[in-house]
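The values are calculated or read from the model by the stated rules, or taken from the named source; none is laboratory data. These figures come from a predicted structure and were not determined experimentally. Note: ideal-geometry Cβ built from the backbone for every residue, glycine included; neighbour counts use all protein chains shown.
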């Protein structure tokens, strides 16, 4: 532990001029972190080692004792059950780490900083928050009276895996058969509208980046997200980002409508979660737009159709049979990704043709089916 006097002095010299609600965002930026480190070193004085300076910076601006875990590229999740019970997910497996907070108050303080960083507030009336931070990481914080204090942090990964080829790739890890990889690559080139579904942490965003890498380089992509997360290996990408506000702000549905006026060859929507997002996207896809990619939460390809139907029904769309027809006409492929014990796999690929869901591939199958007729014709 650093002496309270040292922490107080550095806080007064360096942190006093910074907006507390923005400290985590500032510290997440590598360039700003380097600048803060230099200022902290000057304010701390003396011959202090890099480890002590980094610890001071993490305590003042970052995630405190959790910062080394969040900086470790092998760790994907950090889970704080209590001040002295902290787990991480590393290479697909959970393990307890020898890291602890000094007390419950330190966990609660960090939870409040996380909430403040996204313009939210933790209170007795609202004792939990789900925050998407500026670096793309997601944090859930819980305080009394409903539990905790506890934190669940999913780090944002910029890892981009090829569909096939030498490691790292989906085929090299055994997560996807080579025939299925060729099927997906052909579908993207043929401008299929692809819906990727799965549970939280199943690898939806990773597969989305992999599919986007197959888009021809001469096409223009408009990406729509809550927070700019998708770093795509493509030369012509425009990012649109949601902007929260008191009157509702600018959401994904607004950005989908605007994207259609931006001469897109492709639209990529990071995730479909609300009735309005589902309605806007499906309207775009059923009025001639091709080649879109998006993700949603669902437990299978069939459940993905049900999920979109439910969202549209909640939004007050038309009769149930018309809603289902609307969904079935919007997408060409549904891909389900699943989280196995120590890896993520493409569990299922299904095609939508003539308003019927046809299985093309399931995990463990050596040969994948063929593209629907209309996609195969486009791919020629």
Which numbered condition residue 277 fails, given (1) surrounded by 17 or more Cβ atoms within 10 Å (Cβ to Cβ); (2) over 23 Å from the mean Cα position of the chain (by Cα); (3) without any contact (Cβ under 8 Å) to a residue 40 or more places away in the chain: (2)
Residues of the range 211-230 being surrounded by fewer than 21 Cβ atoms within 10 Å (Cβ to Cβ), more than 19 Å from residue 337 (Cβ to Cβ) and either touching a residue at least 24 places away in the same chain (Cβ under 8 Å) or in contact with a strand residue (DSSP E or B) (Cβ under 9 Å, 6 or more places away or on another chain) (or both), which ones? 216, 219, 220, 226, 227, 228
Anything in the range 243-252 that is farther than 27 Å from residue 213 by Cβ and either touching a helix residue (DSSP H, G or I) at 6+ places or on another chain (Cβ under 7 Å) or in a loop (DSSP other than H, G, I, E, B) (or both)? List them, or say none. 244, 245, 246, 247, 248, 249, 251
Every residue in the range 219-238 that is within 15 Å of the chain's Cα centre (by Cα) and not in a loop (DSSP other than H, G, I, E, B), please. 223, 224, 225
Quick check on my filter: what residues within the range 282-320 are loosely packed, with under 15 Cβ neighbours inside 10 Å and over 24 Å from the mean Cα position of the chain (by Cα)? 287, 288, 314, 316, 318, 319, 320
Residue list for the range 321-336, restricted to those being buried (at least 16 other Cβ atoms within 10 Å of the Cβ) and in contact (Cβ under 8 Å) with a residue 40 or more places away in the chain: 326, 327, 330, 331, 332, 333, 334, 335, 336
For the range 253-269, state whether one or more residues are assigned to a loop (DSSP other than H, G, I, E, B) and either outside the structural domain of residue 332 (by TED's automatic domain parsing) or in contact with a strand residue (DSSP E or B) (Cβ under 6 Å, 6 or more places away or on another chain) (or both). yes
Test each condition in (1) more than 30 Å from residue 333 (Cα to Cα); (2) surrounded by fewer than 17 Cβ atoms within 10 Å (Cβ to Cβ) for residue 160 and report the one that comes out false. (1)
Filter the range 175-218 down to the residues that are assigned to a loop (DSSP other than H, G, I, E, B) and either more than 13 Å from residue 344 (Cβ to Cβ) or more than 23 Å from the chain's Cα centre (by Cα) (or both) and list them by number. 177, 190, 191, 192, 193, 213, 214, 215, 216, 217, 218
Which numbered condition residue 51 misses (of (1) free of Cβ contacts under 8 Å to residues at least 60 places away in the same chain; (2) touching a helix residue (DSSP H, G or I) at 6+ places or on another chain (Cβ under 9 Å); (3) more than 30 Å from residue 248 (Cβ to Cβ)): (2)
Enumeration of residues in the range 360-380 that are under 16 Å from residue 335 (Cβ atoms) and surrounded by 15 or more Cβ atoms within 10 Å (Cβ to Cβ): 360, 361, 362, 363, 365, 368, 369, 371, 372, 375
What number of residues in the range 146-175 are modelled with pLDDT under 95 and touching a strand residue (DSSP E or B) at 6+ places or on another chain (Cβ under 6 Å)? 8
Test of understanding: among 104, 144, 116, which residue is touching a residue at least 60 places away in the same chain (Cβ under 8 Å) and farther than 28 Å from residue 203 by Cα? 116
Filtered residues of the range 81-99 (kept if touching a residue at least 24 places away in the same chain (Cβ under 8 Å) and either assigned to a helix (DSSP H, G or I) or over 28 Å from residue 160 (Cα atoms) (or both)): 81, 82, 83, 99
